[in-house]
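A.B. asks: Sharing a structure here in structure tokens format.
Read-outs throughout are calculated quantities, based only on the coordinates presented, and are distinct from any laboratory measurement. Predicted model, so just to flag it, every value in this text is computed and none were measured. For neighbour counting, all protein chains shown are included, and Cβ atoms are generated from backbone atoms with ideal geometry for every residue, glycine included.
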Amino acid sequence: MYPSEGLQTALNKMREMSVQTNSIYHQFIPVATSSSTIADFGTPILDPANTAVLNDFVGLLKKVIYTAVWSKTFNSPLAQLEGERMPLGQFVEEAYINPIKARGFNINDFAGLLQKYSAEVATEYLTVNSDLQYCVTITREKLRNAFTSWDNLEEFITGMTNALYNGAYVTRYNQTKGLPLAAFKKGAIKYEVITNPTNEATAKALVRKMRADYSKMQIPSTAYNAWQDVKGEGAFALKTWSNPEDIVVLISADVESLIDVEVLARAFNMSATDFLGKVIVVDDFSQYDDDGKVAVDGSMIKAMICDRAWFRIKTQDFALEDFRNPNNRTYQLYLNDTRMVNYSLFANAKIYTTAEPTPSGSDSE
């Protein structure tokens, strides 16, 4: 049994890193090839007389653990809605300036030259609000077992990837999916109550509504952002619009199963291929606890249409760190994921629901 090409690439990448950082790992570990044996590779790493090699192995492993064997990593369909990284700071201030209103020309208005003309500026403050850590312990026993065969070593690395990164990616998916429900319960998003889509006819009726809103969102209006709804009657209304390429549709799997992709695409005047890039299918819009039980019911939400900018998601830190515990001879791996997970009151968005929102705190959540 010989190492797979993916494993060879990962192991040799670790060795290259050792050369670059001038650690001792590469001095003891040969280049992995299709004819390498697990004994030649693993013996110097597990040598009790030279624990520095093992320490280097774990330290280098954390740097390539994601790229090593990532085929089983959960690829969130909602990842495309995340924004750029946010390396510094705790808060983000976002501002939107309303289009300036016209006034009538008056040739005799000399006083207007010195008059102050104030623009309507809306400001929203967003903050880093998710700071999570995913931890796993590597024991010497696990390492010894990993080096009994190439398959076991690959399974070990894959397991680390699954245990750490999949945990983070699943949480990210749920956090992103939870934003429409959170905004809905807080009255911070436009919505329309619809007939529950249970067959092709009712599903097509929903598509027609989405098609109309898709067109209307491209025209400047106050109808699709929640700024005034959240700020109250004293706040001025924002006039916003969306470029067609920035509009996406989130739809529950149950509803999507009732609608033919070609029908959906034609409704939006697109080819099926182009349209699939705009539609994101989610399992549903509910939130679940770690046991798979419904924590916050979102079953009333069937679909959402919005500007991508409605999702205000930025990553501040996403890094794997390690710590060797000599007391019990283990290695701790910590994946830190610090992010801002918010939504915008400026951007266009609308939810299609079968029931009115129940404010947070008034139900069993």
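A.B. asks: What are the equivalent ellipsoid semi-axes of the stretch 129-205, built from the alpha-carbon gyration tensor (square roots of five times its eigenvalues), in whole angstrom, biggest first?
C.D. replies: Semi-axes from the Cα gyration tensor: 45, 19, 6 Å.
A.B. asks: While we're here: To the nearest 10 degrees, how steeply does helix 51-68 sit against the main Cα axis of the chain, on a 0 to 90 scale?
C.D. replies: Rounded to the nearest ten degrees, it is 40.
A.B. asks: Top mean-square fluctuation among GLY159, GLY292, GLY167, Gaussian network model of the chain, C-alpha springs under 10 Å?
C.D. replies: Largest GNM mean-square fluctuation: GLY292.
A.B. asks: Provide the per-residue ³J(HN,Hα) series for the stretch 252-261, in order, calculated from phi with Karplus coefficients 6.51, -1.76, 1.60 and θ = phi - 60°, each as a whole number of Hz, with x at glycine and proline positions.
C.D. replies: With coefficients 6.51, -1.76 and 1.60, one gets 6, 4, 5, 6, 4, 5, 8, 10, 6, 4 Hz.
A.B. asks: If the elastic network links every pair of Cα atoms under 10 Å, which of ILE189, ILE138, ILE305 fluctuates the most in the Gaussian network model of the chain?
C.D. replies: Among ILE189, ILE138, ILE305, the largest mean-square fluctuation in the Gaussian network model of the chain belongs to ILE138.
A.B. asks: What do the square roots of 5 times the Cα gyration tensor eigenvalues come to for the chain, in whole Å, largest first, as semi-axes of the equivalent ellipsoid?
C.D. replies: After scaling each eigenvalue by five and taking roots: 51, 26, 19 Å.
A.B. asks: Something else now. Take each of the peptides 319-330, 174-185, average the number of other beta-carbon atoms within 10 Å over its residues, and list them starting from the highest.
C.D. replies: Working: 319-330: 11.8, 174-185: 21.7.
So the order, starting with the most tightly packed, is 174-185, 319-330.
A.B. asks: Over 24 Å between Cα atoms, which of LYS278/LYS302; LYS101/LYS314; LYS142/LYS177; LYS204/LYS302 qualify?
C.D. replies: LYS101/LYS314; LYS142/LYS177
A.B. asks: Under a 10 Å cutoff between Cα atoms, tell me which one of LYS231, LYS350, LYS239 has the largest fluctuation in the Gaussian network model of the chain.
C.D. replies: In the Gaussian network model the winner is LYS231.
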